[in-house]
Amino acid sequence: MEKFYRDSWVEIQLENIIYNIQQLKKRLNKETEIYAVVKANAYGHGDIEVARSALAAGAKRLAVATLDEAVRLRECGVEAPILVMGWVRPEHVYAAADYGITVTCYQKEWVEEVLSLSLPKPVTIHLKWDTGMGRIGIRKKEELLDILPLLKNKNFHLEGIFTHFATADEISTEHFDNQRAYFEELLHLFRANWDGEVVLHTGNSAASMRFPEKMFDYVRFGISMYGLYPSGVVKKEKPINLKPALSLHSRLIHVKKVDKGTPVSYGATYITEREEWIGTVPLGYADGIRRALQGAEVLVNGKRCEIVGRICMDQFMIRLQEQAGVGDKVTLIGTQHEETIEMDELAEKLSTINYEIACMISSRVPRIYIDKV
Ligand SMILES: Cc1ncc(COP(=O)(O)O)c(C=O)c1O
């Protein structure tokens, strides 16, 4: 959004995204390239802007979850290879082939349906192997052997193979090692039954940062491209010193000094305990500021202030530590003076993970880009 009339906004430091990619590149083997994962509007950061910056920083390809996300990137002029990692209906491969978008394949029935179409050009596919995530993918060797002969057809261009790790961000590497070993087994079988060259990719942020030497042709870099650690374990290990790209801000739209015993917001669940300065912030649950964040803190003039009373659809109230003015900046995620509120702090308050916080800031909040490519 170029022009907006709100006093609440998300700021995206694109240079931090570039920095995080460059740090990962330094850590990876020379032959390993990067897929920038920009699904879900680039984890809420803005797909087009992030895609452009990531490619400028040296990522070679993009990955999304849905065909619509991929088409949007193409229609905005992004020319890099794009992989849809999720399900695409067989009849929609016309569009995929037309836009030059790579889709994910893992079912014999799906392959048979695509075989029955008369495609003007082949659709590029990556085979997905479920080595232990239990979500989508070919699981058994027989399934692989069933599918491979069908792919030797003019409707298909098999360009890649991938799997996804379920526990790469945990201390124990047992399941991760089992998944890797099974991937190698399937790969051995594949090579014995397929002549062409394919690209291989297995690692997400956690795997690529923690075990760079175990990666193949590409890694799929999501959460950490945005400067966030995939888990507390990885944050503690800090294989790379990441820089968060997103901060969330607003401005006070009303400030009042109220007497002891004053109720605040719906349900009057908060009643001031003494004479207090109460500030109103123009953000609410329609912006993704969940009601359960009541009691969380924000920054005003470098000081932490508690969210008091129920969060409304478009506004919430805070207890100021001292008098402040209408227009003073309020930071929900980010730094003011010496104080920082990380996305992880909000995630902990909501008993969730930073991924969900990044995705939950709604499209009603304008995104401002610093250092646009
Ligand atoms: C198949 C696949 N690959 C890669 C990623 C990126 O993972 P991360 O954000 O942990 O780097 C995801 C994200 O959920 C995914 O589903």
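Things worth noting here:
- Percent of Cα pairs in region 1-58 per distance bin of 5 Å, from zero to the largest separation: 4, 17, 25, 22, 15, 9, 4, 3, 1, 0.
- Under the Karplus curve 6.51 cos²θ - 1.76 cosθ + 1.60, θ = phi - 60°, whole-Hz ³J(HN,Hα) for region 34-42, x wherever Gly or Pro sits: 10, 8, 7, 8, 10, 5, 6, 6, 6
- For q = 0.06, 0.13 Å⁻¹, Debye-computed log10 I/I(0) when each Cα of the chain counts as one equal scatterer: -0.28, -1.03
- C-alpha center-to-center spacing [region 272-350, region 123-164] in angstrom: 48 Å
- Mean Cβ count within 10 Å, highest first, over the residues of peptides 158-164, 10-16, 26-32: 158-164, 10-16, 26-32
- For region 1-128, the Kirkwood radius over C-alpha pairs fed into Stokes-Einstein at 37 °C and 0.692 mPa s yields D = 205 µm² per second.
- Share antiparallel - DSSP beta bridges, the chain, percent rounded to 5: 50 percent
- Only Lys, Arg (+1) and Asp, Glu (-1) charged, at Cβ; the chain dipole about Cα centre in debye: 380 debye
- Fewest-first sequence of Arg135, Arg72 by Cβ atoms within 10 Å of each Cβ: Arg135, Arg72
- A cut-off of 5 Å between modelled amide H atoms, ignoring neighbours fewer than 5 places along the same chain, links Leu158 with Ile125.
- When the alpha carbon coordinates of region 246-370 are projected onto the principal axes, the ranges are 39, 30, 24 Å, largest first.
- Measuring nothing but how far apart in sequence close Cα pairs (under 8 Å, 6+ apart) lie, relative to its length, region 31-225 scores a relative contact order of 19 percent.
- The order of the peptides 50-58, 315-323 by mean Cβ neighbours within 10 Å, most packed first, is 50-58, 315-323.
- Projecting label points 7 angstrom from Cα along Cα→Cβ for Val373 and Thr173 puts them 3.1 nm apart.
- Amide H contacts under 5 Å for Leu320, placed H, 5+ residues apart: Trp277, Ile278, Gly279
- Here the label points at Lys257 and Gln323, each 7 Å from Cα along the C-beta direction, are separated by 0.6 nm in the simple model.
- Peptides 209-221, 184-196 ordered by average Cβ neighbours within 10 Å, highest first: 209-221, 184-196
- Note that region 336-345 has calculated 3J(HN,Hα) couplings of 9, 6, 9, 9, 10, 10, 8, 4, 4, 5 Hz, one per residue in order, obtained from phi through the Karplus relation 6.51 cos²θ - 1.76 cosθ + 1.60 (θ = phi - 60°); glycine and proline are x.
- Rule-of-thumb Rg ratio for region 31-225 [Cα; 2.2 N^0.38 Å; N residues]: 0.99
- Subtracting the Cα-Cα distance of Lys236 and Ile271 from their residue separation scaled by 0.36 nm leaves 8.7 nm.
No value in this document is a laboratory result; all are computed from the given coordinates. The shown structure was predicted, so the numbers you read here are calculated from the model rather than taken from an experiment. Heads up, the Cβs are rebuilt from the backbone with ideal geometry, glycines too, and the neighbour counts pull from every protein chain shown.
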